[in-house]
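Asker: Just dropping this structure here.
The values are calculated or read from the model by the stated rules, or taken from the named source; none is laboratory data. Since the structure is predicted, the reported quantities are computational estimates derived from the model, not experimental observations. Here Cβ is always computed from backbone atoms with ideal geometry, including for glycine, and neighbour counts include all displayed protein chains. The protein model used for the area step is the full one, side chains on, heavy atoms only, and it has no ligands, DNA or RNA in it. Shrake-Rupley method; radii C 1.70, N 1.55, O 1.52, S 1.80 Å.
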Amino acid sequence: MADASARRTEGLFRIALLLKGLDGAAELVAAIVLLFVSGTAVHGLVAEIVSRDLLGPPDGFLARHLVAGTAEFASGNRTFVVLYLGLHGVVKLALVAALLRRWLPAYPVAAVVLGVFVVYELYRAVHTDSVVLPLLAVLDILIIIMVVREYRLLRAVRTER
């Protein structure tokens, strides 16, 4: 029974790592794209999406937040966004690679780094009224729990040998 539970946990852990890796890759690609796309073009794309009601009504919650976020970006505050996405993406990809290789020292580092991400995501959520950031924080907390559990299992297996 314990063996089945460990396999299930490992499967969930690998799925979570895959999602985190995809998220990290998407952030890195977004940072690279934003380096080359003007803020005006991004704002125009968002205006087009909002005008076609793809996010609900143009004066709806999602549309308002997306327009507000891109307005700041279009006004020239790009450096923070590009650096945040790029750094966040690279760190996630490096941690995912280390955890998939089961490199034991990476587990505590991953838990701490994800914890820092959670704190920052919640801080930004409070200051920006973001709906997405708290959801990302919850996902990161779940992944931290899985990282700690997998770390304990790996340490136990390695000390038995």
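Residue by residue, here is whether (1) within 21 Å of Val131 (Cα to Cα); (2) modelled with pLDDT of 85 or more holds:
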| site | (1), (2) |
| --- | --- |
| Leu28 | no, yes |
| Ser38 | no, no |
| Gly69 | yes, no |
| Tyr84 | yes, no |
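Asker: Right, something else. If you scan the range 90-120, which residues turn out to be open to solvent by 50 Å² or more (accessible area, probe 1.4 Å) and not hydrophobic (A, V, I, L, M, F, W, C)? Break it down stepwise before answering.
Answerer: Our first condition is that a residue be open to solvent by 50 Å² or more (accessible area, probe 1.4 Å); within the range 90-120, this holds for 90, 93-94, 100-103, 105, 108-109, 112, 116, 119-120.
Scanning the range 90-120 gives Arg101, Arg102, Pro105, Pro108, Tyr120.
Asker: In the set Leu153, Leu95, Leu136, which member is farther than 21 Å from Val29 by Cα and either touching a residue at least 40 places away in the same chain (Cβ under 8 Å) or not hydroxyl-bearing (Ser, Thr, Tyr) (or both)?
Answerer: Values: Leu95 fails: farther than 21 Å from Val29 by Cα; Leu136 fails: farther than 21 Å from Val29 by Cα.
Checking each option against the conditions leaves just Leu153.
Asker: Could you give me the residue pairs with C-beta distances under 8 Å whose first residue belongs to the range 100-113 and is under 17 Å from Leu18 (Cβ atoms), whose second residue is open to solvent by 70 Å² or more (accessible area, probe 1.4 Å) and in a helix (DSSP H, G or I) wherever it lies, and which are 6+ apart or on separate chains?
Answerer: Hits for this filter: Leu100/Arg14.
Asker: Then there's this: Among the residues of the range 121-161 satisfying the criterion of being open to solvent by 90 Å² or more (accessible area, probe 1.4 Å), of a type outside the set (A, V, I, L, M) and assigned to a helix (DSSP H, G or I), which is modelled with the lowest pLDDT?
Answerer: Glu160
Asker: Taking the conditions exactly as written (more than 13 Å from the chain's Cα centre (by Cα), closer than 25 Å to Val29 by Cβ, at pLDDT below 85 and not hydrophobic (A, V, I, L, M, F, W, C)), does His65 satisfy them or not?
Answerer: Working: more than 13 Å from the chain's Cα centre (by Cα): yes; closer than 25 Å to Val29 by Cβ: yes; at pLDDT below 85: yes; not hydrophobic (A, V, I, L, M, F, W, C): yes.
Judged against the criteria, His65 is a match.
Asker: Same structure, new question: For residues that are of a type in the set (D, E, K, R) and within 30 Å of Thr159 (Cβ to Cβ), scanning just the range 77-124, find the one that is nearest to the chain's Cα centre (by Cα).
Answerer: Our first condition is that a residue be of a type in the set (D, E, K, R); within the range 77-124, this holds for 78, 92, 101-102, 121, 124.
Then keep just the ones that are within 30 Å of Thr159 (Cβ to Cβ); that gives 92, 101-102.
Numbers: Lys92: 8, Arg101: 20, Arg102: 21 Å.
Of everything passing the filter in the range 77-124, Lys92 is nearest to the chain's Cα centre (by Cα).
Asker: Right, another one. Restricting to the range 103-120, and then to whatever is over 12 Å from Val147 (Cβ atoms) and touching a helix residue (DSSP H, G or I) at 6+ places or on another chain (Cβ under 6 Å), can you tell me which residue is modelled with the highest pLDDT? Reasoning before the result, please.
Answerer: Step one: of the range 103-120, the residues over 12 Å from Val147 (Cβ atoms) are 103, 105, 116-120.
Adding the requirement that they be touching a helix residue (DSSP H, G or I) at 6+ places or on another chain (Cβ under 6 Å) leaves 117-118.
Details: Phe117: 88, Val118: 92.
The residue in question is Val118.
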